[in-house]
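Read the structure below first, then the notes.
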Amino acid sequence: AVVSTQSKQWYQRRVRAPKDIDKLDAEVDVSTKLKYVYDAITLTRHSLEGKVPLIGFSGAPWTLMGYMIEGGGSKTMSKTKKWLYTCPEESHRLLKIITRVVSDYLIQQAIAGAQMLQVFESSAEYLGPELFEEFCISYLQEIALSVRKGLAERQVPDVPMIVFAKGAYHSIAKISYTGYDVVGLDWTVDPNIARDFCHIAVQGNLDPCALYAPKEELTEKVAEMVRQFGVRNYIANLGHGIYPDMDPESVKTFVDTVHRVSEEIMNKGDPFNQLYT
């Protein structure tokens, strides 16, 4: 169970040791256990009346494993990383359980009406290239494959999928081959490097805190971001989540600038931007 307050979330029943894995309901039926989520998605989809797309999402295996072991957010993820070094087999066992549940969860979201799915590996930044490849990449790939297979078996139309591995700049190329349609980028990734190493569409990547900047400065930062990424195979977005105290007017400035600069680029037919079509 997850307990929420205004400041944080934590798990009431932490997985403190490998033996605790046996206490988990590894075969949980998320279609019934989380029915209230899917009911909310269906209701929201109908309420939107096609005005904007509805995006479903889930945390990714490594990130969720961290919450289960740490009990909540962590600045070091040291308890969880200790598992990777001292009990790798048990770590993989837990990650496999989470992967199956996440896959089923996302399938049910698409069935309920989600038109796109995003997988958040928000704690990828705590892993170097070797640990990321061993304990993240294969599970991200398995989710993409399982979701597409599950939807096909149920004769549900496929939906686009986004993978966002915060801080995994070292593995952008590998991430782009895990079966997703879009790679989300955090604000530490250089747009030119992302375009050079990522062969599919990208999303991002303005520093969320840039929304605190004066309007003129924010406008220029957003415009430069769009110019660097180009206008094709690109979803303009922040490089992570928006913060509760953000001024809605700053969000409007972001959106309006994206639309204006994108239109300018397309009307101009800038050959530099056409490199990324």
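The values are calculated or read from the model by the stated rules, or taken from the named source; none is laboratory data. In this text, all values refer to a predicted model and were calculated from it rather than measured experimentally. Every residue, glycine as well, gets a Cβ built from its backbone with ideal geometry; the counts of neighbours run over all protein chains shown. The accessibility values were calculated without ligands, DNA or RNA, using every heavy atom of the protein model including side chains. Shrake-Rupley method; radii C 1.70, N 1.55, O 1.52, S 1.80 Å.
List of remarks:
- Residue 179, sole failed condition from (1) within 18 Å of the chain's Cα centre (by Cα); (2) in a helix (DSSP H, G or I): (2)
- Among residues of region 214-224 being open to solvent by 10 Å² or more (accessible area, probe 1.4 Å) and touching a helix residue (DSSP H, G or I) at 6+ places or on another chain (Cβ under 7 Å), the one that is nearest to residue 136 (Cα to Cα) is 221.
- Residue 152 more than 23 Å from residue 240 (Cβ to Cβ) and out of contact with any helix residue (DSSP H, G or I) (no Cβ under 7 Å at 6 or more places or on another chain): yes
- Number of positions in region 174-209 that are open to solvent by 10 Å² or more (accessible area, probe 1.4 Å), within 24 Å of residue 248 (Cα to Cα) and of a type in the set (A, V, I, L, M): 1
- Any chance residue 240 is at pLDDT below 95, closer than 29 Å to residue 138 by Cα and either open to solvent by 40 Å² or more (accessible area, probe 1.4 Å) or of a type in the set (S, T, N, Q) (or both): no
- Exclusive hit being in contact with a Ser or Thr (Cβ under 8 Å, 6 or more places away or on another chain), crowded, with 19+ Cβ neighbours inside 10 Å, under 30 Å from residue 53 (Cα atoms) and in contact (Cβ under 8 Å) with a residue 24 or more places away in the chain, set 110, 144, 114: 144
- Test: residue in region 179-190 that is under 30 Å from residue 134 (Cα atoms), of a type in the set (Gly, Ala, Ser) and at pLDDT 95 or above: yes
- In region 57-83, the residues that are among the β-branched types (Val, Ile, Thr) reach residues that are open to solvent by 10 Å² or more (accessible area, probe 1.4 Å) and part of a loop (DSSP other than H, G, I, E, B) with C-beta atoms within less than 9 angstrom, at least six apart or across chains, in these pairs: 63/122; 63/123; 63/166; 69/14; 69/16; 80/74; 80/123.
- For region 125-141, the candidate set comprises residues that are open to solvent by less than 10 Å² (accessible area, probe 1.4 Å) and either under 18 Å from residue 184 (Cα atoms) or of a type in the set (D, E, K, R) (or both); within that set, the residue that is nearest to the chain's Cα centre (by Cα) is 140.
- Restricting region 191-213 to residues that are of a type in the set (Gly, Ala, Ser) and outside any strand (DSSP E or B), the residue that is farthest from residue 131 (Cα to Cα): 213
- Criterion: within 16 Å of the chain's Cα centre (by Cα), open to solvent by less than 40 Å² (accessible area, probe 1.4 Å) and closer than 18 Å to residue 33 by Cβ - qualifying residue of 122, 58: 58
- Residues considered: 99, 80. Of these, the only one that is buried (at least 18 other Cβ atoms within 10 Å of the Cβ) and farther than 27 Å from residue 159 by Cα is 80.
- 3 or more residues among the charged types (D, E, K, R) and in contact with a helix residue (DSSP H, G or I) (Cβ under 8 Å, 6 or more places away or on another chain): qualifying helices (runs of 4 or more DSSP H) within region 48-145: 88-112
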